[in-house]
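Asker: Next up is a structure, given as structure tokens.
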Amino acid sequence: MSDHLEWQRPHPLTVVVLVATFISGNAFPLIAVVAFGGGGLGFDTIAVVAGGATVGFGALGWFMTGYVITDEAVQYRSGILNREAKAIPLNRIQQVSVAEPVIARAVGLAVVQVSEASADGDIEVRYLGKSDATALTQRLRALAQQREASAAAVGDVASSLAPPPEPPAVLLHTTSARTLIRYNLASTAPGLAAVALVVVAVVFVLALGPGLAAAVPALAVGVGVLVLASTLSTAGVVLTNGGFRLERSTRSLRVEAGLLSRRQVEVRPERIQTLTVSSGPVVRRLNLHQIAFSAATGKASKQNNQLVHLSPAASTDEVARIVQGSVDVDPAFGVDLEPVSALTVRRQLVRSAIAFVFVIAPGSVALWFVHPIAAFVPTLMWWPAAVWYAWERHRRLGLSIDDRRVVVRRGVLNHHLTQVPLSHVQSVSTSASFFQRRLGLSTLNVSTAGIGPGNHVAIPDLPAARCRGLEVELAAAAAARPWELRN
Amino acid sequence: MIQAAVLAIVGLTVGIAADLWVLGAVLIGLALLFLMLRWWVIDLGYRRWRWGLDHRWIERRSGVLVRKTQIVPRSRVQTLTTKTGPIDRWLGLSSIVIHTAGTHTPNLTIPHLERASADRLREELGG
């Protein structure tokens, strides 16, 4: 760091977090070394060498890390052997967020994550004191907004002045632990029911074959696994999303969540690329929904792709209020959707037939040797379910394009309603598999900025000519609208 | 090419060194068949490949079994990369990769253009 820039180092306690993270991530090898004595070297020697090396690398890692904010960009350098330097121009910053991983939180530190819309452009400053992290976050947000304002109004005297003080943020939504538990139990219920069905089938087969002596322990194990899976999954959701808050200020949308590892994400509403409202089959019965706002982020997508990962709302009206308050659009519940081709039913049935040949039929043959009656059960269950699924899939798939946005509805068990503003469309593509071509069908793909699954939407099995027409229409609409990052 | 060459060399070796001429001939035959199939697939892919540029966007059409089209509006082009590998250099070709802002789908690539066409395309899009 010998250049003229004034590089800042992370908080010195970063060394403690790096060492603790290394130990927690390598617990099993460390336990093995301690338990087996490290091949005769003795515990003391190994502990001293390993401990010294870990602390040494941690300290060197801290020493070699630095960040600086210049007039133009935020820059970050890190790495001991492989040095890495990144810079994000201030006017390209998409999202600034603060995360508090559990180990860092224990010693009062946090990570500041700066995202831009490229695949590998994110900067993560780890680790800063909480007050420093908040100050850095606020400074970056203010600088990014200032840069954009001055770029938007070149020559305007007002642009050189500091932005006016921001009014207090409006709280749009909080989620209680009770709602989270209800939501998670409801959303995992179909999966658990499927596992329960398998358990019942296994118990049934065992009761018909070896007898009750084998069936009862199998039933006990199955029930135990189900209860354990449900408890762990619910605890995970509560710890990850507990204390969920969604706020909107004049300039940005802010989300806070997490009981152990707390994260705070802030993004400008106009930078939200797609908006999806989802609900599972049981969740819908409880009148709960999940709203996911996907921002244009790169690597951050692996952790925070969906800005609001989970926001169960009380009712459809509540979803509408949250969406309207967050990003100033309606959730598109009442939009008239164009159906996909009815031939999609045939395509889905062919898929089901292939799955039948390769999975169900061999399973049925195996069951024949247990009991002839058991062999017919999977087939009798498979085909009514496959026909219902194919028909329901066709009924659910639909899209609508108007002068502002594309709306896509999909999902049979889990319903998803996604909307993409035309101004955020990056590229449009179509694809047609061999069987789709035989039926004259194509899939339409719409990509926005950002690399997460939420930044891309696909609608399958449109008539090929219509699909091509939509592709051209969407590309023309996108081409006619400037994208705000291209400045 | 490399796989077919390896197969042919193994066939020759088996035939000469181990005196198993029938097995050697089968392996050499397989290598030839593999080459012909590969040639056929590459030729089909080349025939299906189209790209175009107008004042609004760049479009690509490709695919033998799965047919694909992709359109990138000019206003969404973020960066252009020109790639020239050793074989491309030898044949006087270049590939152009058009990047948009970190999209989920791969960037639009126009492979193996003649050098002059690649330069023209780069100037046209860059300007």
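The values are calculated or read from the model by the stated rules, or taken from the named source; none is laboratory data. Since this is a predicted model, take the numbers as computed values, not measurements. All Cβ positions, glycine included, derive from the backbone under ideal geometry; neighbour counts span all protein chains shown.
Asker: Please tell me if B:Ser75 is more than 14 Å from chain A (Cβ to nearest Cβ) and under 30 Å from A:Arg481 (Cα atoms). Show your work before the answer.
Answerer: Values: more than 14 Å from chain A (Cβ to nearest Cβ): no; under 30 Å from A:Arg481 (Cα atoms): yes.
In short, no.
Asker: Among the numbered criteria (1) closer than 28 Å to A:Ile291 by Cβ; (2) modelled with pLDDT under 95; (3) more than 9 Å from every other protein chain (Cβ to nearest Cβ), which single criterion is violated by A:Asn487?
Answerer: Just one mismatch for A:Asn487, condition (1).
Asker: Here is a further query. Kindly indicate whether any position in the range B:49-69 is in contact with an Asp or Glu (Cβ under 9 Å, 6 or more places away or on another chain) and basic (Lys, Arg).
Answerer: Checked the range B:49-69: at least one residue is in contact with an Asp or Glu (Cβ under 9 Å, 6 or more places away or on another chain) and basic (Lys, Arg).
Asker: List the pairs whose first member sits in the range A:319-342 and is under 30 Å from A:Ser442 (Cα atoms), whose second member is of a type in the set (D, E, K, R), and whose Cβ atoms are under 7 Å apart, counting only residues at least 6 apart or on separate chains?
Answerer: The qualifying pairs are A:Leu337/A:Arg409; A:Val340/A:Asp461; A:Ser341/A:Asp461.
Asker: Failed condition for B:Gly52, given (1) among the small types (Gly, Ala, Ser); (2) exposed (fewer than 15 other Cβ atoms within 10 Å of the Cβ); (3) more than 14 Å from chain A (Cβ to nearest Cβ), with all others met?
Answerer: So the condition that B:Gly52 fails would be (3).
Matching residues to (1) surrounded by fewer than 24 Cβ atoms within 10 Å (Cβ to Cβ); (2) part of a loop (DSSP other than H, G, I, E, B); (3) in contact with a strand residue (DSSP E or B) (Cβ under 7 Å, 6 or more places away or on another chain); (4) at pLDDT 85 or above:
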position	(1), (2), (3), (4)
A:Ser97	no, no, yes, no
A:Ile103	yes, no, no, yes
A:Val111	yes, no, yes, yes
A:Ala117	no, yes, no, no
A:Asp120	yes, yes, no, no
A:Tyr127	no, no, yes, yes
A:Ser131	yes, no, no, yes
A:Thr137	yes, no, yes, yes
A:Leu140	yes, no, yes, yes
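Asker: So which pairs qualify, if the first residue must be in the range A:416-434 and closer than 14 Å to A:Asn455 by Cα and more than 7 Å from chain B (Cβ to nearest Cβ), the second must be small (Gly, Ala, Ser) and part of a helix (DSSP H, G or I), the Cβ gap must be under 7 Å, and the two must be at least 6 apart or on different chains?
Answerer: A:Leu422/A:Ala477; A:Leu422/A:Ala478; A:Val425/A:Ala478
Asker: Of all residues in the range A:58-87 being of a type in the set (A, V, I, L, M) and not in a strand (DSSP E or B), which is modelled with the lowest pLDDT?
Answerer: First, pick out the residues of the range A:58-87 that are of a type in the set (A, V, I, L, M): A:59-60, A:64, A:68-69, A:73-74, A:80-81, A:85, A:87.
Pick out the ones that are also not in a strand (DSSP E or B) and you get A:59-60, A:64, A:80-81.
Numbers: A:Ala59: 88, A:Leu60: 87, A:Met64: 87, A:Ile80: 80, A:Leu81: 77.
So, considering only residues that are of a type in the set (A, V, I, L, M) and not in a strand (DSSP E or B), the one modelled with the lowest pLDDT is A:Leu81.
Asker: Follow-up question, since we're still on this one. With respect to A:Ala193, is the statement that it is modelled with pLDDT of 90 or more, over 25 Å from A:Val267 (Cβ atoms) and among the aliphatic types (A, V, I, L, M) true? If you could, list the steps in order and put the result at the bottom.
Answerer: Working: modelled with pLDDT of 90 or more: yes; over 25 Å from A:Val267 (Cβ atoms): yes; among the aliphatic types (A, V, I, L, M): yes.
When the stated conditions are applied, A:Ala193 passes them.
Asker: Suppose we filter B:Arg60, B:Arg47 for residues that are away from every other protein chain (no Cβ under 14 Å), within 30 Å of A:Asp461 (Cβ to Cβ) and either within 15 Å of the chain's Cα centre (by Cα) or modelled with pLDDT of 85 or more (or both); which single one remains?
Answerer: On the way: B:Arg60 fails: away from every other protein chain (no Cβ under 14 Å).
Sole residue among the options that is away from every other protein chain (no Cβ under 14 Å), within 30 Å of A:Asp461 (Cβ to Cβ) and either within 15 Å of the chain's Cα centre (by Cα) or modelled with pLDDT of 85 or more (or both): B:Arg47.
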